[in-house]
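Every number in this text was worked out from the coordinates using simple rules, so none of it is lab data. Bear in mind the structure is a predicted one, so any value in this text is a computation, not a measurement. Here the Cβ is made from the backbone with ideal geometry for all residues, glycine too, and neighbour counts use every protein chain on show.
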Amino acid sequence: MFGLSTLASLLLLAMIALLVWFALGTQRNIRKGNDLLRWLQSGLPRLGRRTRLKWLGSSAVQLAIVDPLAPFREAEVVAVLEPRDVGMLWAVARARRRRDFLILRGRLIRSPRFELEAGDLRGWTGQDALRKLDPEAWLSADWGDANVRVLHSSGAEVEDALAAWRRLADASGGVLRLSIRRTPPHLVIHVLLPDTASVGADRLVEAFCDLARVVTS
């Protein structure tokens, strides 16, 4: 049996290990976040001339666009990082296949003509969004990928949405969710990070802007 002094020593070591993990994980996320901010600089001017930056803890950084360009009324990019600062949360996130990803979100000057939700069932964000919908109230489409589920309203331009999905996928590490809704936020895109050394952020942001123009034209 362990004595009280041994238990106290083990508890102290555990606390030190947690603190060290937290410090190293926080530093890692800050470096990752700063790298992403530098990468995004080539794409953000396509949304607007100025941005307002805000760190949301150590696992997310929000870039709100000030005076966004048409067809956006509001736009933002959020980098969501793995919770590397908390070991248990990081392990759970890894088990759910959660990785660093980007959210591109926009409120448009005019509402889209149709609604559509597409999600990659291998990613947790796509699954969660689709799970909240009543499948009886939506039509479904087949995009030729068993891992991608698509629900849409009547009259939706499904082929245009598919083209946008493919273009976004080419400009990123893969699309997790594509949401087109008549109520704000009108557009929500979740994508995995690409190889930032070989793919510029301008490609991703331009694909997002083109989708906004398609759904409001």
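Each Lys and Arg adds +1 at its Cβ and each Asp and Glu adds -1 at its Cβ; summed about the Cα centre, the chain shows a dipole of about 620 debye. Each of LEU204, LEU56, LEU211 was scored by other Cβ atoms within 10 Å of its Cβ. Arranged with the fewest first, they read LEU56, LEU211, LEU204. Seen against the Cα atoms of the chain and their longest principal axis, helix 4-40 is set at about 30 degrees. From most to least packed by mean Cβ count within 10 Å, the peptides 154-162, 166-174 give 166-174, 154-162. Counting only DSSP beta bridges whose two residues both lie in the chain, roughly 100 percent are antiparallel. Ranked by the mean number of other Cβ atoms within 10 Å per residue, highest first, peptides 28-35, 116-123 order as 116-123, 28-35. Relative contact order of the chain: 21 percent, from C-alpha pairs under 8 Å at least 6 residues apart in sequence. Among 46-55, 61-70, the peptide with the highest mean count of other Cβ atoms within 10 Å heads the list, and the full ranking is 61-70, 46-55.
Taking only DSSP H segments of four or more residues, each worth -39500 (n - 2.57), what value at 222 nm results for the chain once the sum is divided by all its residues, to the nearest 500 deg cm²/dmol? About -13000 deg cm²/dmol.
Across the alpha-carbon atoms of segment 4-216, the computed radius of gyration and Dmax are 19.5, 71 angstrom. Expressed per residue, the C-alpha convex hull volume of segment 123-217 stands at 104 Å³.
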